[in-house]
1. Mind listing just one residue for me: the one in the range 159-202 that is free of Cβ contacts under 8 Å to residues at least 24 places away in the same chain and part of a loop (DSSP other than H, G, I, E, B) and, of those, surrounded by the most Cβ atoms within 10 Å (Cβ to Cβ)?
2. Take the residues in the range 85-104 that are under 22 Å from residue 160 (Cα atoms) and among the hydrophobic types (A, V, I, L, M, F, W, C), then tell me which one is farthest from the chain's Cα centre (by Cα).
3. Among the numbered criteria (1) modelled with pLDDT of 95 or more; (2) closer than 19 Å to residue 178 by Cα, which single criterion is violated by residue 138?
4. Somewhere in the range 96-105, is a residue among the hydroxyl-bearing types (Ser, Thr, Tyr), in the same structural domain as residue 195 (by TED's automatic domain parsing) and surrounded by 12 or more Cβ atoms within 10 Å (Cβ to Cβ)?
5. Among the residues of the range 208-219, write down those that are surrounded by 13 or more Cβ atoms within 10 Å (Cβ to Cβ) and farther than 22 Å from residue 161 by Cα.
6. Mind listing just one residue for me: the one in the range 135-158 that is among the aliphatic types (A, V, I, L, M) and over 13 Å from the mean Cα position of the chain (by Cα) and, of those, surrounded by the most Cβ atoms within 10 Å (Cβ to Cβ)?
Amino acid sequence: MNENYPITKGQLVRLLTVFLVSFAVVMTILNAQAITKQAEFIMNKFSNRDEIAETEYLLNFYHNLEDKKRSLIPIEAEENLIAENSIFIPKTNTRAPIILGKSKNTQDILEDLKDGVVLYPDSSFPGQGGTTSILGHSSSNYPWNEYSNIFSLLYKLEPGDLIYLKYEGDFFVYQVGQKMTGSVFTLAKADLKGDLVLSSCWPVGTDQGRIVIVANLAQ
């Protein structure tokens, strides 16, 4: 220390403050990515927008069949279930009315598909046991409308993704278990089983085969 220019206590405090601030800034820059991920994790734990967090949140409410008819509906699902009978898939932002199929006649089904997705005739209603089978277009012939390719993004679904259904006032949550593509014959032999089956033509733009998503009621 220079005796002619001694460092005062105030200067020492300022130097120490500058050092600490500089150190904090450097450490923040070096650890920015880790800090960002931690912040995202914390935010997602309190948001139903994240699939994993939302799944964890929902599973706390499902223990038996009656509990699956849940009165507490996540806001995101409630806002997107657009009709009394409807489906919403957050992963693909898919939403559509569910039309009750009039018959197994191809022309009747194609006519119903103009208004949404179709609950296949003779399949089980949601929550009543058995399998609920729902058909939707991945593509269709002209003239097109908002449901002409409603199931074109089914291929993006993976095990654990959520599917919401609203049927006659009851609310159901399904989790994807399986995804398969192939000919109708191949898929029929696979003997897929689940509470919910979504089906569409595959590849998109053709009717060469089918894509099938099998899901089960969350519990």
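1. 192
2. 96
3. (1)
4. no
5. Selection gives 209 alone.
6. Looking at residues that are among the aliphatic types (A, V, I, L, M) and over 13 Å from the mean Cα position of the chain (by Cα), I get 150.
The values are calculated or read from the model by the stated rules, or taken from the named source; none is laboratory data. Keep in mind that what you see is a predicted model, and the values were worked out from it rather than measured. A quick note on method: Cβ atoms are made from the backbone with ideal geometry, for glycine too, and the neighbour counts reach across all protein chains shown.
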